[in-house]
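Participant: Structure provided below as structure tokens; questions to follow.
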Amino acid sequence: MAFKGQGENKLMNRLTLWLLLILTTSACASAYGEGPSDPDPNRFAKEIEAFAEWDSRNAVPAEPVLFVGSSTIRMWRTRESFPDLPVINRGFGGSHIADVTHFADRIVLPYKPRVIVFYAGDNDIASGKSAQRVFEDYRRFVGLVHAKLPETHIVFLSIKPSESRWSFWPESKKVNELIQGLSANDKRLLFVDLAASLLRPDGMPDNNLFLKDKLHLSPAGYDVWTRMLTPVLRQALASRPAPIRP
């Protein structure tokens, strides 16, 4: 009986070690921002082709203000909102930061923008990605742009709080904080906190600034953002920072 008990103890010890190994591996993966795989960027092939088709038929402004990112950008009537600025809108709904980076050589770099207005990360967090991973994805986008266009300003619009994704707001706030910190160390990077403008005094989203889906901005919401962003863009266009060399 003693021999059997020792065997059982050894088995239990092995099982305990395996469990600890699994938990440790999981914790490490979480710490390094691993998680869901990036969705296939080719799901946006038609949208990207449509941009190329438009460009083949129309002239684009030199050194524009390029709006790029997910549906918050796509649904923004940027030409009407910023009539005095040379704007181009290349938003495509449902996109992650990795999607924007994947198509950057087609919808970002060819325009040689003076300023990039960037909104993405909302869908990333909702898909289960960690704040650290979203932050690293944004850093990759910045690195890709500045490798080719070292003088371009990149304006990150804070991920917005919305009632439909309220459970994700704590993680989204972490992304905002990380990117705000990154932007503080590079004059070419700007972080614009537009999140607070969408909240009521009690700290909850103001649904008057959202559509009925309680996710996308309403015309009133875009009016608020346009008023806040306009002076930032004018200031960015008026300055040309010296490239930061490694």
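The values are calculated or read from the model by the stated rules, or taken from the named source; none is laboratory data. The shown structure was predicted, so the numbers you read here are calculated from the model rather than taken from an experiment. Cβ: placed from backbone, ideal geometry, glycine included. Neighbour counts: every protein chain shown.
Participant: Please go through the stretch 103-121 and give me each residue that is crowded, with 18+ Cβ neighbours inside 10 Å, of a type outside the set (V, I, T) and out of contact with any Phe, Trp or Tyr (no Cβ under 9 Å at 6 or more places or on another chain), ordered by number.
Facilitator: Result: Y111, P113, R114.
Participant: Are any residues in the stretch 162-183 of a type in the set (S, T, Y) and in a helix (DSSP H, G or I), and if so, which ones?
Facilitator: S164, S167, S172, S183
Participant: Moving on. Considering each of D186, D99 in turn, give the residue that is modelled with pLDDT of 95 or more and either assigned to a strand (DSSP E or B) or touching a Phe, Trp or Tyr at 6+ places or on another chain (Cβ under 7 Å) (or both).
Facilitator: D99
Participant: Consider the stretch 191-220. How many of its residues are touching a residue at least 12 places away in the same chain (Cβ under 8 Å), assigned to a loop (DSSP other than H, G, I, E, B) and on the phi < 0 side of the Ramachandran plot?
Facilitator: 7
Participant: Moving to a separate point now. Considering only residues of the stretch 115-133 that are of a type outside the set (F, W, Y) and in contact with a helix residue (DSSP H, G or I) (Cβ under 6 Å, 6 or more places away or on another chain), which is nearest to P61 (Cα to Cα)?
Facilitator: That would be V115.
Participant: Go through the stretch 198-208 residue by residue and tally those that are closer than 15 Å to W169 by Cα and surrounded by 14 or more Cβ atoms within 10 Å (Cβ to Cβ).
Facilitator: Number of matching residues: 4.
Participant: Any residue at all in the stretch 37-54 that's more than 27 Å from D124 (Cα to Cα) and either at pLDDT 95 or above or touching a strand residue (DSSP E or B) at 6+ places or on another chain (Cβ under 8 Å) (or both)?
Facilitator: yes
Participant: Also, I was wondering about something else. Working carefully through the options L211, L189, L217, L182, find the one that is surrounded by fewer than 18 Cβ atoms within 10 Å (Cβ to Cβ), within 17 Å of the chain's Cα centre (by Cα) and hydrophobic (A, V, I, L, M, F, W, C).
Facilitator: L182
Participant: Can you name every residue in the stretch 44-74 that is surrounded by fewer than 17 Cβ atoms within 10 Å (Cβ to Cβ) and within 26 Å of S162 (Cβ to Cβ)?
Facilitator: none
Participant: If S71 satisfies every condition in (1) in contact (Cβ under 8 Å) with a residue 24 or more places away in the chain; (2) closer than 25 Å to S218 by Cβ; (3) touching a helix residue (DSSP H, G or I) at 6+ places or on another chain (Cβ under 6 Å) but one, which is the exception?
Facilitator: Of everything listed in (1) in contact (Cβ under 8 Å) with a residue 24 or more places away in the chain; (2) closer than 25 Å to S218 by Cβ; (3) touching a helix residue (DSSP H, G or I) at 6+ places or on another chain (Cβ under 6 Å), S71 misses just condition (3).
Participant: Within the stretch 124-170, take every residue that is within 11 Å of the chain's Cα centre (by Cα) and surrounded by fewer than 18 Cβ atoms within 10 Å (Cβ to Cβ) and give me the one that is farthest from R188 (Cα to Cα).
Facilitator: E136
Participant: Going by the structure shown, is I159 under 18 Å from I116 (Cα atoms), in contact with a Lys or Arg (Cβ under 7 Å, 6 or more places away or on another chain) and not in a helix (DSSP H, G or I)?
Facilitator: Against the criterion (under 18 Å from I116 (Cα atoms), in contact with a Lys or Arg (Cβ under 7 Å, 6 or more places away or on another chain) and not in a helix (DSSP H, G or I)), I159 does not qualify.
Participant: Kindly indicate whether G94 is surrounded by fewer than 24 Cβ atoms within 10 Å (Cβ to Cβ), out of contact with any Leu (no Cβ under 6 Å at 6 or more places or on another chain) and on the phi > 0 side of the Ramachandran plot.
Facilitator: For G94, the condition - surrounded by fewer than 24 Cβ atoms within 10 Å (Cβ to Cβ), out of contact with any Leu (no Cβ under 6 Å at 6 or more places or on another chain) and on the phi > 0 side of the Ramachandran plot - is met.
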